[in-house]
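A quick write-up on the structure given underneath.
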Amino acid sequence: MMSTVSAEKAWDELTLSEAEYRRAGARYRQRRSLRAYLFLLPYFIPFIAFLLVPALWSIWLSFNRGGILDPAKYVGLENWRSIASDTELTGAIQNTAVYAVEAILLVFTLAIVLALLLNRYRKGSNIFKLALYVPLLAPAVLVGLIWQFLTNFDFGFINLALDAMGFDRLNILGSGRLALLTIVLAEVWRGLGFWTLYFLASLQNVPEELLDAARVDGARGVQRFRRVTIPLLRPMLLFAVVIAIIANFQVFDTVYVLTQGGPYESTSTMVWFIWKRLFQFQETGQGYAAAVVLLAIILALTAISFRVLGARRKRRA
Amino acid sequence: MDESVDRNQDALPADGDQPGESRREFLKKAAVVGLSLPAAGALVSSASARPSMLIRDRARSRYEGVTLQFAKAPFGTDEKDVIAKLLKPFTAKTGIKVQHTVVPWNTEGASYATNYAGPHPYDVSYQTSTDLTGLGTKGVLEVLNNSKWLYSPAYKGTAAKFIPNTIKKSIYQGKLYGLPCIIGGTVMFYNKDLLDKAGVTKIPTNTTELAAAAQKVSSAPNVWGFQVPMTDKDFTWYFHYHAIHNLGGDIISKMRATQVSVDLILKDKVQPPVGQYDREAGVALFKGGRIAFLHDEPLRLTVFRSEGLPFKWDFVNPVGAPNGKRTIFSTTGHWVMASKSANKAAAWELVKFLSSPAFANEFGAHYGWAPVRSDVNTAKGDAQVARVNKYVLKGWDGLPTGPKMAQLTSVYGQAIEAAATGSKSVADAMAKAQADGTRILKS
Amino acid sequence: MAVQAGGVAESDVLSQHAQEYASAARRHRAFGITKGLAAYATLSIFALIAIVPFLYLLSPSFRKSYELFSYPPKWIPSSLYTGNFGTILHQTSYPRWALNTLIFATSVTVITLIIDTLAGYAFARLRFPGRGVLFGLVLGTLMIPTAVLIAPLYIMISRLPGWTHSGINTYPGMILPMVCSPLGVFMMRQFISTLPEALVEAARLDGGSEWLIFRKIVLPLMKPAIVVLGIFTFMAQWVNFLWPLIITTTNDMKTLTVGVSSLQGQFVTNWGVISAAAVMTMAPVIVIFLMFQRWFVQASMAGALKQ
């Protein structure tokens, strides 16, 4: 008897009233959030100080004259009007777009093919993975030097090969179209290892059973790839496309070390345009305004990628 | 007979006309004597040694412990060592230590734009006239043409020794932001063996003769007649301004001068197409014996000599316009002081020393630069450098400085590049340059 | 007749089938071998394309610069000229630059790993208000080009409040602004999301604190992701040029990329010396890379980029 009563009492004590329950819940959530913020704090202190503040500062400076060497002077939309009437900017946007489309298509195609091969033929594949990755270790200065040598008129590999095949040698960095293509090739050369390993990792996450099932159903290699592999890879492809857009619209290193925008502005990209305004011409306002334009373009393209690649995934799910 | 001869004679060290300087000379000697004496016999001459030691100590104590930050984009890979060697007597005399930073040319803009924005910028640095006024008008450089520095009573006599034109062309809206130290001149190197082989006996003096001589050489396989930087990245404007100047200096002469340069490539085909060899590749090509005439800067001299090129070579003044002038029209280099410098007095000591014969004679001689002061002589009995100096002093005229110089010269460079690649006709390219230039000046 | 024929020919037909099957298998195998050969040939070609261009640096580094453009081009130097390497060893502070690079890249990597893992865990497994917004903000900063941030960052570091000296020419000034990589947080979050939630939940029910759960359960499982992010960060900082260039003004604080580029006078480029410097910059990275290669390949294969 006694024990039953005390047990009920104990139960009563344990049971919370609705208000008590809500309060406890709030306390728990509060503590949980606090803990989460503690986990975030070490990252967000440098993040705010070294990324967010400089970024917002840059946007503010796009409405000012000066602000780095001398005090900022608010000039409204003057910088924006200047860059709007600058034909080099329209050229730079066009060059960047052409470059990005070519570079992304080429590097993705090659990387997916190589990843499929590495996935199918695994014996000794480590050697290839390592070799493909080596260009990524080279500093930009070195990439510039190497490609200068590769495209050299007299002893560059490309021209020696053309010569051996009986074609005329090409003035590669002297022709706008070829110079931009050289930037594309240099960046593809640099990035191929990364993307190959990326797609390889993605492929190895595709469950074998699904592919086997498809095989039993009589799906051929190409079909299997299109119907099974690609849809399963869609989220990874979305991530890849977004990252590639962000990285390639900011192409600068190779332009800087190889062509400096030439010949006649045909390899002038957006970041090169920004760099010149910021550090060569001391027109910081115009540089930052162009940077905001670049940011807007990348944002828009990212949104489009999500719409195109992300939505279909939902439908299929 | 020749104006330059007179000026060259002026350039010989004029000794003892400055009482202030000769007194310092005397004190320096006295100090050296004073230093050596204690070892010889302190007992005998302690009385005579003491006063000079005292003076020396006072000069030192003023700057004792001061270290100046000094930055420069290099004229050669050995420049840091050359400067360190030349600064030794300066540090010994004043006690000022100098910390030298090599700023790479291709990132110069970014390095200075950020450095001068900080609280402790380089106390002294080297700026070309294209960047000088851009930085100066932002207020980060000390204005020098006032009674505190250049026209201070102690320096007035020395200030008069600067070639007046170099000071004049470096002043913008009444302000001089740097002390001229180098005149930017260009020269035309030639490969004597190649010319002999092609039967060219007379070194061309104008563009028409150059085209003809270059054509004779170019008929041989794998050899080009002429090479000059033709892209904005290689500062093509720097190698073409004198041509405009020779023709008159207006928009029509801009077009005519550019047409001549473009024809050498596109019509006469005596120069490699734009982009096939950039500036450095062109120089390497010359070193390899495959270019007859190379238009570049005199500082190649040191390199060509030290590497010992496998053929006979020499150089001349860049060619002039047919029936026209033959001048050198270019920029200047300057020593500048940061307005935020915490040690301006010490910085001024350094700037003064860098401009003085004690530094500039040797430094200019090493890199083949012409002097900007009548008491500086960079030839040191070297016949080739003496000739560079003669050319430069005879024919130099300065490009006036301004805050938008870097952008304007780039606009002109782009126009030359557009025309020389055949992307645009000379007329179209120059019309665009004119429009862009006007827009930039208005903003 | 049909039956008769069938009765007689049955074994023939069978053997005929067997033969056909065998030859088809042979053909299939042969086809497979051809396909394999083609695959390995393709892989080899791309491996060569990745590696061979580096050999272009070796030849000039052993030659005097004027030999470079002789005609016809010579690939094997007439004599092995080692002066270019001598120039670098004697006229520059190469060992000091290498040490600075190592300190810089290692410190950035260690700090990045710590803070990115913590933040990644919070974004993946903890509930708190503003999670989506904060994560969006982190990803948004990916889209800002580095060149834009350089000048404001320099001004901040040069007069950081509370610092007695400016951060210029100091390791902290060099390292700290480089530690927050948005991509790193993203990678870590994605990876932690793939870990079975049940593990964490079970530990929570057992009364483990979040810190304990993170340290004892999550962290050990994250080894592959940490290795990959570590290698990416280290390599990115090893080749980082712009920031070390701006923030260091003394020779003793330069990193390798900055030091090497300061050899390249715009007016007098000595390709021999620069090629030699390039070779000497690449050599340590390749050594480090080869030392960690097993880890690296295994780690990236372990699906560190799992979604």
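Conditions tested, residue by residue: (1) in a helix (DSSP H, G or I); (2) more than 10 Å from every other protein chain (Cβ to nearest Cβ); (3) not basic (Lys, Arg).
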residue	(1), (2), (3)
C:ILE168	no, no, yes
C:VAL185	yes, no, yes
C:PHE214	yes, no, yes
C:LEU229	yes, yes, yes
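Pick from region B:187-214 the residues that are among the polar types (S, T, N, Q) and out of contact with any strand residue (DSSP E or B) (no Cβ under 6 Å at 6 or more places or on another chain): which of them is surrounded by the fewest Cβ atoms within 10 Å (Cβ to Cβ)? Break it down stepwise before answering.
From region B:187-214, those among the polar types (S, T, N, Q) are B:191, B:201, B:205-208; that's our starting set.
Filter again for out of contact with any strand residue (DSSP E or B) (no Cβ under 6 Å at 6 or more places or on another chain), leaving B:201, B:205, B:207-208.
On the way: B:THR201: 8, B:THR205: 14, B:THR207: 23, B:THR208: 14.
So, considering only residues that are among the polar types (S, T, N, Q) and out of contact with any strand residue (DSSP E or B) (no Cβ under 6 Å at 6 or more places or on another chain), the one surrounded by the fewest Cβ atoms within 10 Å (Cβ to Cβ) is B:THR201.
Only one residue in B:PHE304, B:PHE315 is within 19 Å of the chain's Cα centre (by Cα) and more than 26 Å from B:LEU399 (Cβ to Cβ). Which one?
Selected residue: B:PHE304, the only one of B:PHE304, B:PHE315 that is within 19 Å of the chain's Cα centre (by Cα) and more than 26 Å from B:LEU399 (Cβ to Cβ).
Taking the options C:VAL179, C:VAL185, C:VAL239, C:VAL228, name whichever one is in the same structural domain as C:MET143 (by TED's automatic domain parsing), modelled with pLDDT under 80 and buried (at least 19 other Cβ atoms within 10 Å of the Cβ).
So the residue among C:VAL179, C:VAL185, C:VAL239, C:VAL228 that is in the same structural domain as C:MET143 (by TED's automatic domain parsing), modelled with pLDDT under 80 and buried (at least 19 other Cβ atoms within 10 Å of the Cβ) is C:VAL228.
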Just for strands (runs of 3 or more DSSP E) wholly inside region B:159-254: which have at least 1 residues that are small (Gly, Ala, Ser)?
B:224-227
Look at B:LEU441 and say whether it is more than 30 Å from B:PRO89 (Cβ to Cβ), touching a Gly at 6+ places or on another chain (Cβ under 7 Å) and within 14 Å of chain A (Cβ to nearest Cβ).
no
Residues that are polar (S, T, N, Q) and under 29 Å from B:ALA418 (Cα atoms): find the helices (runs of 4 or more DSSP H) completely inside region A:125-194 holding 1 or more of those.
A:140-150, A:157-164
At least 1 residues that are over 18 Å from A:ALA291 (Cα atoms) and of a type outside the set (Ser, Thr, Tyr) in each: list the helices (runs of 4 or more DSSP H) lying fully within region A:18-84 that qualify.
A:18-47
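Table: residues versus (1) within 11 Å of chain C (Cβ to nearest Cβ); (2) surrounded by 19 or more Cβ atoms within 10 Å (Cβ to Cβ); (3) within 18 Å of the chain's Cα centre (by Cα); (4) among the acidic types (Asp, Glu).
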| site | (1), (2), (3), (4) |
| --- | --- |
| B:GLY76 | yes, yes, yes, no |
| B:VAL82 | no, no, yes, no |
| B:THR91 | no, no, no, no |
| B:VAL98 | no, yes, no, no |
| B:GLU108 | yes, yes, yes, yes |
| B:ALA113 | yes, yes, no, no |
| B:PRO119 | yes, no, no, no |
In region C:114-149, which residues are without any contact (Cβ under 8 Å) to a residue 24 or more places away in the chain, basic (Lys, Arg) and more than 7 Å from chain A (Cβ to nearest Cβ)?
C:ARG131
Selected residue (only one of A:ALA92, A:ALA100, A:ALA111 is more than 12 Å from chain C (Cβ to nearest Cβ), under 29 Å from C:GLY136 (Cα atoms) and touching a Gly at 6+ places or on another chain (Cβ under 9 Å))
A:ALA92
Just to confirm my filter: which helices (runs of 4 or more DSSP H) fall fully inside region A:211-317 and include at least 3 residues that are modelled with pLDDT of 90 or more and surrounded by fewer than 18 Cβ atoms within 10 Å (Cβ to Cβ)?
A:284-305
Is at least one residue of region C:189-208 in contact with a Gly (Cβ under 9 Å, 6 or more places away or on another chain), outside any helix (DSSP H, G or I) and either within 14 Å of chain B (Cβ to nearest Cβ) or not acidic (Asp, Glu) (or both)?
no
Tell me, please, whether a residue that is surrounded by fewer than 20 Cβ atoms within 10 Å (Cβ to Cβ) and either of a type in the set (S, T, N, Q) or at pLDDT 90 or above (or both) can be found in region A:147-160.
yes
Pair list, Cβ < 9 Å and 6+ apart or interchain, from region B:323-351 residues that are part of a loop (DSSP other than H, G, I, E, B) to residues that are basic (Lys, Arg):
B:THR327/B:LYS394; B:THR331/B:LYS169
For region A:95-107, check the following and say yes or no: at least one residue is over 30 Å from B:PRO272 (Cα atoms), without any contact (Cβ under 8 Å) to a residue 12 or more places away in the chain and crowded, with 23+ Cβ neighbours inside 10 Å.
no
Would region B:419-427 turn up any residue that is over 23 Å from B:LYS325 (Cα atoms), in contact with a Ser or Thr (Cβ under 9 Å, 6 or more places away or on another chain), in a loop (DSSP other than H, G, I, E, B) and not hydroxyl-bearing (Ser, Thr, Tyr)?
no
Cβ contacts < 8 Å: first residue at the interface with chain C (Cβ under 7 Å from one of its Cβ atoms), restricted to region A:39-50; second residue of a type in the set (S, T, N, Q), any location; separation 6+ or different chain. Result?
A:PHE47/C:THR141
With the first residue restricted to region C:81-107 and required to be within 24 Å of C:LEU176 (Cα to Cα) and touching a residue at least 60 places away in the same chain (Cβ under 8 Å), and the second required to be among the aromatic types (Phe, Trp, Tyr) and assigned to a helix (DSSP H, G or I), Cβ contacts under 8 Å at 6 or more apart or on different chains are C:THR101/C:TRP238; C:ILE103/C:TYR171; C:PHE104/C:TYR171; C:ALA105/C:PHE234; C:ALA105/C:TRP238; C:THR106/C:PHE234; C:SER107/C:TYR171
Which of the residues belonging to region C:199-211 are free of Cβ contacts under 8 Å to residues at least 12 places away in the same chain and either within 16 Å of A:SER33 (Cα to Cα) or surrounded by fewer than 13 Cβ atoms within 10 Å (Cβ to Cβ) (or both)?
C:GLU201, C:ARG204, C:LEU205, C:ASP206, C:GLY207, C:SER209, C:TRP211
How do the helices (runs of 4 or more DSSP H) wholly within region B:63-150 filter down when requiring 1 or more residues that are under 26 Å from C:SER158 (Cβ atoms) and hydroxyl-bearing (Ser, Thr, Tyr): which remain?
B:108-115, B:129-136
Filter region A:143-159 for residues that are over 22 Å from B:ASP232 (Cβ atoms) and within 8 Å of another protein chain (Cβ to nearest Cβ) and give the result.
A:ILE146, A:PHE149, A:LEU150, A:ASP154, A:PHE155, A:PHE157
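To keep it simple, each residue is scored yes or no on (1) surrounded by fewer than 19 Cβ atoms within 10 Å (Cβ to Cβ); (2) at the interface with chain A (Cβ under 10 Å from one of its Cβ atoms); (3) under 16 Å from the mean Cα position of the chain (by Cα); (4) of a type in the set (Phe, Trp, Tyr).
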site	(1), (2), (3), (4)
B:PHE353	no, no, no, yes
B:ALA360	no, no, yes, no
B:ASN377	no, no, yes, no
B:LEU399	no, no, yes, no
B:ALA435	yes, yes, no, no
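The values are calculated or read from the model by the stated rules, or taken from the named source; none is laboratory data. None of the values given here were measured: they were computed from a predicted structure. We place every Cβ from the backbone using ideal geometry, glycine too, and count neighbours over all the protein chains shown.
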